[in-house]
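The values are calculated or read from the model by the stated rules, or taken from the named source; none is laboratory data. No experiment lies behind these values; they were computed from the predicted model shown. So basically every Cβ, Gly included, is an ideal-geometry build from the backbone, and we count neighbours across all protein chains shown. For accessibility, only protein heavy atoms count, side chains too; no ligands or nucleic acids. Shrake-Rupley method; radii C 1.70, N 1.55, O 1.52, S 1.80 Å.
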Amino acid sequence: MASRAGPRAAGTDGSDFQHRERVAMHYQMSVTLKYEIKKLIYVHLVLWLLLVAKMSVGHLRLLSHDQVAMPYQWEYPYLLSIVPSLLGLLSFPRNNISYLVLSMISMGLFSIAPLIYGSMEMFPAAQQLYRHGKAYRFLFGFSAVSVMYLVLVLAVQVHAWQLYYSKKLLDSWFTSTQEKKRK
């Protein structure tokens, strides 16, 4: 065996690495998917904090009604969308399948469902804005419905990718579990 600074071992040209142990593919995939989901959870956390800040400013009337409008109804149940993200984070350290499944199910209930309701709730205001050019709610001078639709589209993408990666991670964990049972 060669030292770091010394010559290569006698009788080898460096191409004998094929026999060495490697990390199984499902473990590599698990690490990669956990990293991707964590990034999405942090993006979701930023969106969630912005929404909480907007709702707090609206309710506490820290700024005038012209600057920050009162929250839409869909924003209240969407506040619970932090629960699936926390369940997802709790599932990572010990590859807890139950927490990941609960995270995926509650994401549909607490994240996706309020976003669908929000798109329907804001549609008449968006239609009024784009047909007649009239907006009645504002966020710092911008039409509230336009800004909130942008937030809504971003949130849908974050949650859709989160569900996709969670499903792939769940499949990866099941592969690992099935291999252990075979042994």
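A probe of 1.4 angstrom, applied to the heavy atoms of all protein chains, finds Val46 with accessible area near 80 square angstrom. Between Arg61 and Phe123, the FRET efficiency estimated from the beta carbon spacing at R0 = 22 angstrom works out to 0.20. Summing +1 for each Lys or Arg and -1 for each Asp or Glu among the other residues whose beta-carbon sits under 11 angstrom from that of Leu89 gives +2. For segment 21-180, which whole-number percentage of the solvent-accessible area (1.4 Å probe, protein heavy atoms only) is attributable to carbon and sulfur atoms? With neighbouring chains kept in place, the figure for segment 21-180 is 68 percent. Once backbone amide H atoms are built at 1.01 Å from N, Phe138 has Ala69, Ala144 as its partners under 5 Å, excluding neighbours fewer than 5 places away on the same chain. Ordered from highest to lowest accessible area with the whole protein assembly present and a 1.4 Å probe, Ile105, Ile37, Ile116, Ile82 read as Ile105, Ile116, Ile82, Ile37.
Electrostatic tally near Leu33: other residues with Cβ closer than 15 Å to its Cβ, Lys and Arg +1, Asp and Glu -1, net +3. Placing a pseudo-label 7 Å from each Cα along the Cα-to-Cβ vector at Tyr164 and Tyr130 gives an inter-label distance of 2.4 nm.
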